[in-house]
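Participant: A single structure is presented below for examination.
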Amino acid sequence: AVVSTQSGHYGRDFYKLNLRMTSTGEGPSATGSSSISANTSQISLADQFARSTEEEILIALDEIRNENDKLDKETLILTKYLKRVDPKDIQTQIKEASPVQQDVVRVHKRRSRSRTGSTERLLKLTTEQKCDIAQREHDELREEINKFKHETEKILDTHKATREEAEIRLAEMKKSSYEFNRDIVLGAKNPRTGKVIAERVTRYFEDKMRTRKALIEKLRLKNSTLKVQKKKLQLQLKQKEEMGEVLHEVDFKQLRIENNQYLEKIDERNQELLKLKHSSGNTLQVLNTYKKKLNHLTMESNRLKLEISQRNELLTKIDNETELVEKERQKAEKINANLRRQLQDYIVPEVIDYVQVRADLYELTKTMKTWERKVDIAQMELQKYQKQWLTMREHS
């Protein structure tokens, strides 16, 4: 919008510049009395400057700055145009111009009392030429903007495709990691040793390699078919060029419109695909949570089954111990009954009998001690005789 607005004012700015040059005596209608008019105008400007206030001087200074900015912009546009266009083309345009324009575009020579003697004045552009230059620069700038826009769109599409590919690869890696944890880390453990079974790991990687090889073969076939289609299309295009069936600008416009329509449809499909991917991602997350819950509940169920089996074993042991205790209790009851019967049949002896028995026990204990002393003495005598015997045998 800024470029179009500026380009719209370029023609008027060139026209104002010509008016200023004409009014100051620099145009094609200037005569030899230009120096006198310039001195007179300088004196009048000095008087006007002396009579002006500070605010008026500032306003005039702002106007002069604005005019200088306009001239800078015009000069910049003309410089870009001259860099881009060949000087021969400019001469051709001047020759093809009208007689009035040819009279305007002239070279004026004048003599100056300043440092240089004679200087050649610059060519003066007409309003139509200025507008033409501004319009061409505007079109060139629009083409550059469109080109830059197309390049940025291509870069953006490339980045989008790269991001989608990275998201797909990330989802595949997460899926493979989850399957590996499910099938190998958790599912391939030996319940007795707690170690991973090597055969299942080898089988898992063989299956993965088999699926990758099948995918590579599929992509290779698809690539070969696309190459064949490309060759066919190139051959058809070459045949059309040889037969003269070249597409015109209207056909290209129609194709561009159809291409835009198809791009809009592709964008809609991509949006739907993104929504479906988002919903599938949410569904996959929910599925993963439920799978985690299922694994947790399965492990809890296995733990409870193991605990139940242990409790059943403990219950059988307790039942066996209960039977043994019951048998021992029955035996103890029989013994207790016999002891009770004996206790009922027991008759307490007399006190005199008890005293007599205690006296007999005391006499027997005393006799036993005397016999123990005699035995000790006999043993000592025996050891003495054995030593003597040994010494006699040694001497003999």
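The values are calculated or read from the model by the stated rules, or taken from the named source; none is laboratory data. Being a predicted model, the structure only gives us computed values, none of them experimental. All Cβ positions, even for glycine, are placed from backbone atoms using ideal geometry, and neighbour counts span all protein chains on display. Only protein heavy atoms, including side chains, enter the accessible area calculation; ligands, DNA and RNA are left aside. Shrake-Rupley method; radii C 1.70, N 1.55, O 1.52, S 1.80 Å.
Participant: How many residues, within the stretch 142-194, are over 30 Å from ASN295 (Cα atoms) and polar (S, T, N, Q)?
Facilitator: Residues that pass the stated criteria total 4.
Participant: Which residue, of SER309, SER280, is over 30 Å from LYS175 (Cα atoms) and among the hydroxyl-bearing types (Ser, Thr, Tyr)?
Facilitator: Matching residue, one of SER309, SER280: SER309.
Participant: Say whether the condition of being more than 23 Å from GLU167 (Cα to Cα) and polar (S, T, N, Q) is met by at least one residue in the stretch 270-293.
Facilitator: Within the stretch 270-293, none of the residues are more than 23 Å from GLU167 (Cα to Cα) and polar (S, T, N, Q).
Participant: Next question. Where residues in the stretch 145-160 are open to solvent by 100 Å² or more (accessible area, probe 1.4 Å) and over 18 Å from the mean Cα position of the chain (by Cα), which of them is nearest to VAL286 (Cα to Cα)?
Facilitator: LYS154
Participant: Let me ask something additional. Restricting attention to the stretch 166-197, which residues are β-branched (Val, Ile, Thr), under 22 Å from HIS296 (Cα atoms) and at pLDDT 85 or above?
Facilitator: none
Participant: Only residues in the stretch 194-214 that are farther than 12 Å from ASP183 by Cβ count as the first member; pair them with residues that are in a loop (DSSP other than H, G, I, E, B) and of a type outside the set (Val, Ile, Thr), Cβ under 9 angstrom, at least 6 apart or cross-chain, and list the lot.
Facilitator: ALA198/ALA188; GLU199/ALA188
Participant: Here is a list: ARG142, ARG200, ARG163. Which entry is open to solvent by 90 Å² or more (accessible area, probe 1.4 Å) and at pLDDT 90 or above?
Facilitator: Details: ARG142 fails: at pLDDT 90 or above; ARG200 fails: at pLDDT 90 or above.
Exactly one of ARG142, ARG200, ARG163 is open to solvent by 90 Å² or more (accessible area, probe 1.4 Å) and at pLDDT 90 or above, namely ARG163.
Participant: Mind telling me which of the residues LEU274, LEU284, LEU219, LEU255 ends up being over 29 Å from the mean Cα position of the chain (by Cα) and either of a type in the set (A, V, I, L, M, F, W, C) or open to solvent by less than 100 Å² (accessible area, probe 1.4 Å) (or both)? Give the steps one after another, and end with the answer.
Facilitator: Numbers: LEU274 fails: over 29 Å from the mean Cα position of the chain (by Cα); LEU284 fails: over 29 Å from the mean Cα position of the chain (by Cα); LEU219 fails: over 29 Å from the mean Cα position of the chain (by Cα).
From the options LEU274, LEU284, LEU219, LEU255, the qualifying one is LEU255.
Participant: Can you tell me which residue among ILE184, ILE168 is open to solvent by less than 60 Å² (accessible area, probe 1.4 Å) and of a type outside the set (Gly, Ala, Ser)?
Facilitator: Working: ILE168 fails: open to solvent by less than 60 Å² (accessible area, probe 1.4 Å).
Testing whether each residue is open to solvent by less than 60 Å² (accessible area, probe 1.4 Å) and of a type outside the set (Gly, Ala, Ser) leaves just ILE184.
Participant: Go through (1) open to solvent by 100 Å² or more (accessible area, probe 1.4 Å); (2) modelled with pLDDT under 90; (3) in a helix (DSSP H, G or I) one by one and return the number of the condition GLN388 breaks.
Facilitator: The failed condition is (1).
Matching residues to (1) at pLDDT below 90; (2) touching a helix residue (DSSP H, G or I) at 6+ places or on another chain (Cβ under 9 Å); (3) assigned to a helix (DSSP H, G or I):
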residue: HIS278; (1), (2), (3): yes, no, yes
residue: LYS291; (1), (2), (3): no, yes, yes
residue: GLU300; (1), (2), (3): no, no, yes
residue: LEU304; (1), (2), (3): no, no, yes
residue: GLU307; (1), (2), (3): no, no, yes
residue: GLU323; (1), (2), (3): no, no, yes
residue: ARG329; (1), (2), (3): no, no, yes
residue: GLU333; (1), (2), (3): no, no, yes
